[in-house]
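First the structure, in the form of structure tokens, and then the observations on it.
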Amino acid sequence: MRVQRSLSHDVDANLEMQISYEEKRKQGRQLKIAVSGKGGVGKTLIAGALASCFASRGLKTIAIDADSSPNLALTLGLSPAEARKIVPISENKQLLESKTSTEYEGVYRLSFTVDDIVREYAVQTPFDVNLIVMGTVKSMGSGCACPANAVIRAMLSHLVVDRKEAVILDMEAGVEHMGRGTAKRVDVLLIVADAGIKSLEIAKHIHELAAGGGMKKVFLIGNKIDSEKQRDTVKDFAEKNGLAVLDFVPFDQKIVEAEVQAETPLRQEDSVALQAINKLCEKLVARDF
């Protein structure tokens, strides 16, 4: 009996045939970092600030917005009008059809190139970071064979495994955007949480999903921390639930004010939050984790 395989399965299977992770690193492969967390905890600020920090150190950097409510463009200095013009890859019907359609209705191509999508759809931002707005896909291992899922997973595979640039992925609360083969090759997953119990419980769930997807380096970032009590709350929760805390980022009113004024917070040079994220950036670049 002939068994039909899903597109996501084929993308993951193809990864196993490619050059190994360690060999990629020896060839100059830069860090691939995923940032995830509950909505409202500040993960997009951390993703954007890390991307900007990497670029300022001379690293070619690609930022991926894989959130269902994408706003990384605003953080990276694009105006609201410029951000509205960006069509997420998952919603670009013409592009999806050009990559996956065949002459048979309901039958899609399983093999296609995506390097041209990076060249043609990446948006240059004021912080010298190339931005790609992906959109969202189904859950990891769901087997969905729709064109949007196939193209996005193929792109994530290409960006994480094949490209030498530093890549920062701003993701929703989980690692559903990538198949297991790609997830294993992400260098670090940063789970952002504040001191609220809802945020921390979601962080725990993300950690469990990541471990199930084969991710090895998974860390908690305590964000918007404005007291020792909040810091201790995050640390205690992490210790009880097997999460490793990599760093803390303090609450900063300057960040709030910049966003209220529709300005990118990345230009707040005296921001204590950005100073903390820059130190985190240095730690990541030095692979001190």
Subject >> Unique match (being in contact with a Phe, Trp or Tyr (Cβ under 9 Å, 6 or more places away or on another chain), buried (at least 19 other Cβ atoms within 10 Å of the Cβ), modelled with pLDDT under 95 and farther than 30 Å from residue 261 by Cα) among 175, 160, 186, 151 >> reply: 151
Subject >> Filtered residue count, the range 207-264, keeping only those that are outside any helix (DSSP H, G or I), out of contact with any Asp or Glu (no Cβ under 7 Å at 6 or more places or on another chain) and within 18 Å of residue 36 (Cα to Cα) >> reply: 18
Subject >> Pick from the range 99-134, criterion of a type in the set (Ser, Thr, Tyr) and modelled with pLDDT under 90, ranking: farthest from residue 262 (Cα to Cα) >> reply: 104
Original post:
Of everything in the range 92-127 that's in contact (Cβ under 8 Å) with a residue 40 or more places away in the chain, within 30 Å of residue 53 (Cβ to Cβ) and part of a loop (DSSP other than H, G, I, E, B), which residue is farthest from the chain's Cα centre (by Cα)?
Top reply: 126
Original post:
Among (1) of a type in the set (Ser, Thr, Tyr); (2) modelled with pLDDT of 95 or more; (3) touching a helix residue (DSSP H, G or I) at 6+ places or on another chain (Cβ under 7 Å); (4) under 24 Å from residue 66 (Cβ atoms), where does residue 199 come up short?
Top reply: (3)
Original post:
Is it the case that some residue within the range 77-85 is out of contact with any Pro (no Cβ under 7 Å at 6 or more places or on another chain), under 26 Å from residue 31 (Cβ atoms), modelled with pLDDT of 80 or more and not hydroxyl-bearing (Ser, Thr, Tyr)?
Top reply: yes
Subject >> Residues that are part of a loop (DSSP other than H, G, I, E, B), of a type outside the set (Ser, Thr, Tyr) and in contact (Cβ under 8 Å) with a residue 24 or more places away in the chain, drawn from the range 57-91 >> reply: 57, 59, 60, 67, 70, 71, 76, 77, 78, 86, 87, 88
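The values are calculated or read from the model by the stated rules, or taken from the named source; none is laboratory data. This structure is a prediction, so every number in the text was calculated from the model and none was measured. Note that each Cβ is placed from the backbone with ideal geometry, even for glycine, and that neighbours are counted across all protein chains shown.
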